[in-house]
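Structure, as structure tokens:
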Amino acid sequence: MTYFEGFEEFRVSVHSRVLNKQLTILGRKGGHNTKKAVLLLHGYPQTSHIWHKIAPKLAEKYTVIATDLRGYGQSSKPRGSESHEEYSKREMAADQVQVMEHFGFSEFHIIAHDRGARVAHRLALDYPERVKGMMLLDIAPTLYMYDNTDMAFAQGYWHWFFLIQQSPGPENMILAGPEQFWQAMAGRPSHKGVVWSHEDLKEYKERMFTDEGVHASCEDYRAAATIDLDHDRESREKGQKITIPKLVILWGGKGIIQNFNSGDVLGIWKDWSDSTTEIRGRKVDGGHYIPEERWEDVLQESEWLLKD
């Protein structure tokens, strides 16, 4: 099976403010539209490969750039510190802005899933002038989710509370039984709608289950439970909301996000968005891995998102 036909792999050097050094972001680029670009951001425990069903279709009309987030895939995986600032969504968002600037796009659209959607949320807050429209897949705001944690959420998203434990505890446990950990993650009831090929699993597991890969992904979650919450609270206290022109929210009707706010996930995001933002969304008939399980829904909603 051919993946990302017509796409070119790239490596772009970006500057980390926290580390004060250059890091490398790997990605795939396709399409030839010099005016309209779409940035695709993946989630955990995956890579830009998750967009293999969506990216080629979008590239028929637009320039499409799918990256491996800092800490994932073949992008740089710096060691985290006690502050976890190296993996703050603010830092990871800045990586993506620099990638888009490298290719000549000062404005762009974003479609993002899971951890990538959290990076996209922060990017839209820190760089609203850059984002012409955004689609977030199967998330609610990080601060909202922690503030509304209950037994159902803790059981369904147990990894949110496991991965944030002090290093190297989670890292050692995962590396001692990577296949068992994968099955515990991917075998959850809300995830059983997606079917991965041998090639898909090879990509995800080989990139994930290394010393650097496991540590980096743990640091992503540790940042989410610490410095990211500080940044989110600061934004809320300032009255800062999403102010981009268009926002699309999709979530899995069989997933955990559906349990928040009595199923009115769109209502959550309306509260976190300015009245000037045109927002729409719906649940889809599937679980968490929407880009692979319900990719047709993503393409359908992208037509409205990308329409001038």
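No value in this document is a laboratory result; all are computed from the given coordinates. From a predicted model like this one, the values you see are computed outputs, not experimental measurements. Don't worry about glycine lacking a Cβ; one is built from the backbone with ideal geometry, like all the others, and counts go over all protein chains shown.
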- [ ] Give me the distance in nm between label points sitting 7 Å out from Cα along the Cα-to-Cβ direction at residue 154 and residue 24, one decimal.
- [x] 4.3 nm
Open item on the list: So if I take the centroid of the Cα atoms in region 269-308 and the same for region 23-67, what is the distance between those two points in Å?
Closed with: 17 Å
Task: Cα gyration tensor shape of region 1-79, rounded if a/c is under 1.5, else prolate or oblate by comparing a/b with b/c - done: prolate
- [ ] Work out the FRET efficiency for residue 186 and residue 147 from their Cβ-Cβ distance, taking R0 = 22 Å, and round it to the nearest 0.05.
- [x] 0.20
Task: Rounded FRET efficiency, nearest 0.05, which uses the C-beta distance separating residue 173 from residue 3 and R0 of 41 Å - done: 0.85
Open item on the list: Would region 159-308 count as rounded, prolate or oblate if I go by the C-alpha gyration tensor, calling it rounded below 1.5 in a/c and otherwise prolate when a/b exceeds b/c, oblate otherwise?
Closed with: oblate
Task: Relative contact order, percent, region 16-99 [alpha-carbon distance under 8 Å, six or more residues apart] - done: 35 percent
TODO: At 7 Å along the Cα-to-beta-carbon direction for both residue 307 and residue 57, put a label point, then send me their distance in nm to one decimal.
DONE: 1.7 nm
TODO: Kindly work out what percent of the DSSP beta bridges joining two residues of region 8-306 are antiparallel, to the nearest 5.
DONE: 30 percent
- [ ] Mind listing the long-range amide H neighbours of residue 273? Cut-off is under 5 Å, sequence gap 5 or more, other chains count too, H placed in the peptide plane at 1.01 Å from N.
- [x] 242
Task: ³J(HN,Hα) computed for each position of region 138-151 - Karplus, 6.51 cos²θ - 1.76 cosθ + 1.60, integer Hz, glycine/proline x - done: 6, 9, 10, x, 4, 4, 4, 5, 5, 5, 10, 5, 9, 4
- [ ] First measure r as the distance between the Cβ atoms of residue 98 and residue 274, then evaluate 1/(1 + (r/R0)^6) with R0 = 30 Å and state the FRET efficiency to the nearest 0.05.
- [x] 0.70
TODO: Calculate one ³J(HN,Hα) per residue across region 285-297 by plugging θ = phi - 60° into the Karplus curve 6.51 cos²θ - 1.76 cosθ + 1.60, and present them in order as whole Hz with x for glycine and proline.
DONE: 7, x, x, 7, 8, 4, x, 9, 8, 10, 5, 4, 5
Open item on the list: If each DSSP helix of 4+ residues adds -39,500 (n - 2.57) and the sum is divided by the residues in the chain, what number results at 222 nm, nearest 500 deg cm²/dmol?
Closed with: -11000 deg cm²/dmol
Open item on the list: Rounded, prolate or oblate for region 8-306? Axes are the square roots of the Cα gyration tensor eigenvalues, ordered a ≥ b ≥ c, and the cut-off for rounded is a/c under 1.5.
Closed with: rounded
TODO: Pairs of Cα atoms under 8 Å, at least six residues apart: use those to get the relative contact order of the chain, whole percent.
DONE: 20 percent
